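One structure is given here, and the rest of the page talks about it.
Values in this text are rule-based calculations from the coordinates and carry no lab data. Values in this document were obtained by computation on a predicted structure and should not be read as measured data. Please note: Cβ atoms are built from the backbone with ideal geometry, for glycine as well, and neighbour counts cover all protein chains shown.
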Amino acid sequence: MRYWKVIVLAAIVILGIGTYYIQNAFASPDYPEFHLEKVSGDEGVVDGLIFMGSYIDNYKEFGEDVRITPEDTIYQSERSYFDNMTEGFQDSTIKRLQSDYRKFMRGKNESSSSFFEDDKRLIYADTFGKESDEGFKIEMLDKETNETTDFQVEIPENNINYLNVVDVQADEKDVFITTRNFYTHDPNKPETEEGYHVYRINIENGSLIDDEVIFENKTDHSDKGWTELVEVNNDTDIGKEDYFVFRLDHIKEVGEYDEYDDYETYYKTESSDFFAYHFGTNELKELKIPDEGLGADKTAYVHEGAVYFLNKTKSGFELIRYQMDNGELNTTEVPTTLDLYDGNIFIVFHDGKMYIPNSSLEGSTANLFVLDEKTGKLVYEGKMSADRELENVFLDLNELAFE
Amino acid sequence: MKNYVKLVDFELKRFMKIYLALIGIVIISQIVGVIVESNQFMNLANGEMLDGSMNLAQFLETYWPLTMSRILFSRWFILPVGLSAAALIFYCFFIWYRDWFGKNTFIYRLLMLPTARINILLAKASAIFLMVLGLVSIQLILLPIENIIFQTIVPFDLRVDMTIREIVNGSGYYGYLQILLPTSIVQFFINYGIGFMTVFTLFTAILFERSYRIKGIIFGVAYCIFALVIFLSPFIIEVFSEFGYFYPEELFIIEVILGIIVTGISIWVSHYLLNRKVTV
Amino acid sequence: MIEVKDIKKNFGLKKVLKGVSFTANKGEITCLIGINGAGKTTIMNAIMNLTPIKGGEILIDGERLTKESYEKITFIPDAITMLPQMKIGEALQFMKDFYKSWNEERAKELLSFFRLKEEEKISSLSKGNTAKVNLLLGLGLDVDYLLMDEPFSGIDIFSREQIAEVFTSHLVEDRGVIITTHEINDIEHLIDRAVLLDDGIVLRDFRTEEVRELEGKSVVDVMREVYQK
């Protein structure tokens, strides 16, 4: 054979790599199929429900994104390259906006907190300037005429180091941009480091009407502790909200610092104050939410003028609901036969119901609870189960979608 | 075309001894690695369980069952693969310079062949590619063999079996296996396409040096920067304009086109240098 | 006919060729004479397109060199153009693989004339034998023009004789040969034309026969005249 080196090497390449990809194309990987099993309630409420999350196999040391539909469990590696590419990793709100308003969404910052949407308009507000501290650029899409208007508004002389847009709201006349501002400060004295502002901008003439400081966090590090601001409002929801909700955490150092310890064992959030700012009345009120009733992470969910908390109890969990306009506090006991896991838990509001997926930290199981938003009654509970016995495998659900 | 195949064959022949040695090292090291790692694990298991300090369940909880993925993290695997990678990267330079340096002057013969000079470059690039893909294939062929050895030594209770696909998709030798053999065939072509482009760009830089010597080093480096800037231009623009203007699928098409352009320019400039500027 | 027309070349700031012109005919042996650094090798490389030139033109039978030209014109540099790890047989096979004009019979003939064996590795050959293999690689091609760079330098006396013998044989007949040398003694009687170079220019270009017949001078006489001025 004259060119045996080329031929032999090419043969090895085709045999090795070729067969590997041909096999991959024809045989789908032997990953577990998950499906939601009803434990009790009305199966109709989970019709077309899609779970998204990660599948992690600790023994085999790999993880993949997974999407569980009522019919199928689809792993990232089973999907085509282009599907994986275009679906990206953005949240579903951005995904929807991109497919509906492709031209308008081009080049927009991929955070949904910069958007506001109602029936007629889609509004985008973001900062400009070197340290994004000089002002705002605002773009508005008229959904009927499909026309875009845009303008810039400068923030007058200020001591802002940089700022983040945390929420955008609008009425007929004005756009309200809620920002978290970080100030340049003198390191020698304790002083105001950050604060929430609401900038009110007139749509007609594009002028800055008002810069309202709604809360400032005065940090004092001297007393072995400090305070920290945390946004509580739901940032994937870009519709109209009357309130901007945030909390102030009081953090204390506990014990001696040891580099082997976790952050959590060294710093402890002692208490949290919840605040709500009403865009219509410019009023800031402190929410009277009893601290001791809340779970460790104090995660709150805001929807239609109410703040919700989930709390684990002996017989299941309880839903705490705080109505912001009248300060009414309701606690609804949700008895369930299923375990409430320590893993990922969150609330998705959809169609008058609250969908609560809960992943386990200890295995590949997960539960779903569906509550009626008004009554807080459990209307469905289900269990995610795999088609096989799984060991040291985790299913971490982090998003829900509705078909 | 025929001359091109002859030249590829010839280029392979010139590196064959070292290449076979590399393959030999990979095979021996990995097989020894599987045996040693498996046996070490079995010794550990026997030690912990025979003296009664642990039962099977406790042992598995503490040490976890052994997998091929864990074995692939061992030095027996990483070192020979790293050595092969280093050798092939080094050979990208040496494949040219060996023709000029030394007592013989083989470059005279290569340039005086009655064939288009670009064939010389294409043959060198192809030889390197075949050798890279060859090594990757050897790894793919080795994995099932190693799997069998692993299963022979470690009993079922103490191991978790993985398919070849799972091994490749896992974090085997720190994730590099995934770059060499991505799950998606499209990604495979992207990775090796970028590899091809890089090799051609590097070859062009080397030919700049071989044409203009000291000045050529500057030209060569400048050319590499030029190629990099062209290829990454959409991302560079994005950095300056803060946000991504293009949607991912658009960016993909643009990058494919830019990759082809950069490769094309490299080949064209190489063609020009080989015909007009190169000096023995 | 090889026509070299006013070629120029710089190495950095140094001008190596400052406008060199001459022609070499088929069926003749043209000798480029000059001390080391006169630009002889650079001219050879330029003719073969192995180094770029700054100005001027080189034509082979009226045309510029193309890749096909390498079947018609070849160059034997002063070092061997094959890999040292190859055997002589492999080197010959390489030539056969790539050149249509490779004449296997002639190669075999030369091999036995030089008393070389195909199994011998190039790296194990003596200096003289290496030069012979190098010569063989060029002479084995059925080319019209043959360029040789210092074929006699650093070679033992017996090898020199053997190589010189080749020039008078049928192996060289009819071809156009350009040869460079800095010492003329071995081949003075063989050459038809001499081009005397110094410092990148042609000092004198003459037919040896004419000088001998008209002026009664040998090449060495002319050299003495030209270089000692």
Taking all pairs of distinct alpha-carbon atoms in the stretch A:45-122, Kirkwood radius in angstrom:
14.9
HN-Hα couplings for the stretch C:21-31 via Karplus (6.51, -1.76, 1.60; θ = phi - 60°), in whole Hz with x for Gly/Pro, come out as 9, 6, 10, 10, 9, 5, x, 10, 9, 9, 10
To the nearest whole number, what is the average tally of beta carbon atoms from other chains within 10 Å of the beta carbons of peptide B:109-119?
6
Diffusion coefficient in µm²/s returned for chain C by Stokes-Einstein, Kirkwood Rh over C-alpha pairs, 10 °C and 1.306 mPa s, is 87
Lys/Arg +1, Asp/Glu -1 at C-beta; the protein assembly as shown dipole; positive extreme among C:168, A:92, A:349
C:168
Cβ-based net charge around residue C:64, under 13 Å, with every Lys or Arg adding one and every Asp or Glu removing one
-1
Out of residues 5 or more away from residue C:156 or on other chains, whose amide H comes under 5 Å of its own, with H placed 1.01 Å from N in the peptide plane?
C:128
I'd like the mean, over residues of A:94-107, of how many other protein chain beta carbons sit within 10 Å of each residue's own Cβ.
1
Take each complete run of DSSP H in chain B, measure how far its Cα atoms stretch along the helix's own axis, and keep only those covering 30 Å or more with mean Kyte-Doolittle hydropathy at least 1.0; list them.
B:75-100, B:118-153, B:185-240, B:248-272
proj_area_mean for the stretch A:76-175 (convex hull on C-alpha atoms), units nm², value 8.2
At a threshold of 8 angstrom on Cα-Cα distance, excluding pairs fewer than six apart, so keeping six or more, what relative contact order does the stretch C:2-227 reach in percent?
29
Show that you can apply the helix-only estimate: for chain C, add -39,500 (n - 2.57) for every DSSP H stretch of four or more residues, divide by all residues, and state [θ] at 222 nm to the nearest 500.
-8000 deg cm²/dmol
Calculate I(q)/I(0) for the stretch A:323-403 by the Debye formula, one identical point scatterer on each C-alpha and no solvent, and give its log10 at q = 0.12, 0.18, 0.21, 0.25 Å⁻¹ to two decimals.
-0.41, -0.82, -1.02, -1.26
Please give me the summed charge of the neighbours of residue C:26: other residues whose Cβ is under 13 Å from its Cβ, Lys and Arg +1, Asp and Glu -1.
-4
When a footprinting reagent is the concern and you count Cβ atoms within 10 Å, what order do A:333, A:144 take, fewest first?
A:144, A:333
So how do C:64, B:14 line up by other beta-carbon neighbours within 10 Å, fewest first?
C:64, B:14
Length-normalised contact order of chain B, Cα under 8 Å, at least 6 apart, in percent, tallies to 23
Restricted to Cα positions, what overall size does the stretch B:182-280 have along the principal axes? Three whole-Å values, descending.
48, 33, 18
I need the shape label for chain A. Rule: rounded when a/c is under 1.5, else prolate if a/b > b/c, else oblate, with a, b, c from the alpha carbon gyration tensor.
prolate
Show that you can apply the helix-only estimate: for chain B, add -39,500 (n - 2.57) for every DSSP H stretch of four or more residues, divide by all residues, and state [θ] at 222 nm to the nearest 500.
-27500 deg cm²/dmol
Would you work out if the stretch B:167-206 is rounded, prolate or oblate? Take a ≥ b ≥ c from the square roots of the eigenvalues of the alpha-carbon gyration tensor; rounded if a/c is under 1.5, else prolate when a/b is larger than b/c, oblate otherwise.
oblate
Taking the Cα of residue A:311, stepping 7 Å toward and past its beta carbon, and measuring to each backbone N in the stretch A:365-392: which are under 17 Å?
A:376-377
Measure off 7 Å from each Cα along the Cα-to-Cβ vector at residue C:10 and residue A:273, then give the distance between these two points in nanometres to one decimal.
7.9
Which values of log₁₀ I(q)/I(0), to two decimal places, follow from the Debye formula for the protein assembly as shown at q = 0.06 Å⁻¹ with a uniform point scatterer at every Cα?
-0.67
Mean residue ellipticity at 222 nm from the helices of chain A, using -39,500 (n - 2.57) per DSSP H segment of n ≥ 4 over the full residue count, to the nearest 500 deg cm²/dmol?
-2500 deg cm²/dmol
Taking every pair of alpha-carbon atoms in the stretch B:1-172, what share in percent sits in each 5 Å bin, from 0 to the bin with the longest distance?
1, 8, 14, 15, 13, 10, 9, 8, 6, 5, 4, 3, 2, 1, 0, 0
Given R₀ = 56 Å, what would the calculated FRET efficiency be for residue B:83 paired with residue C:174, taking r from the Cβ atoms and rounding to 0.05?
0.50
Below 8 Å between Cα atoms, with a sequence gap of 6+, how large is the relative contact order for the stretch C:1-70 in percent?
42
Peptide ranges B:217-225, C:200-208 listed from the most packed, as the mean C-beta count within 10 angstrom indicates
C:200-208, B:217-225
Centre separation in Å (Cα based) which lies between the stretch B:1-76 and the stretch A:302-358
51
In a Gaussian network model of chain C with springs linking alpha carbons closer than 10 Å, the residue among C:12, C:34, C:55 that fluctuates most is C:12
Size of electric dipole in the protein assembly as shown: Cβ of Lys, Arg +1 and of Asp, Glu -1, about Cα centre, debye, nearest 20
7760
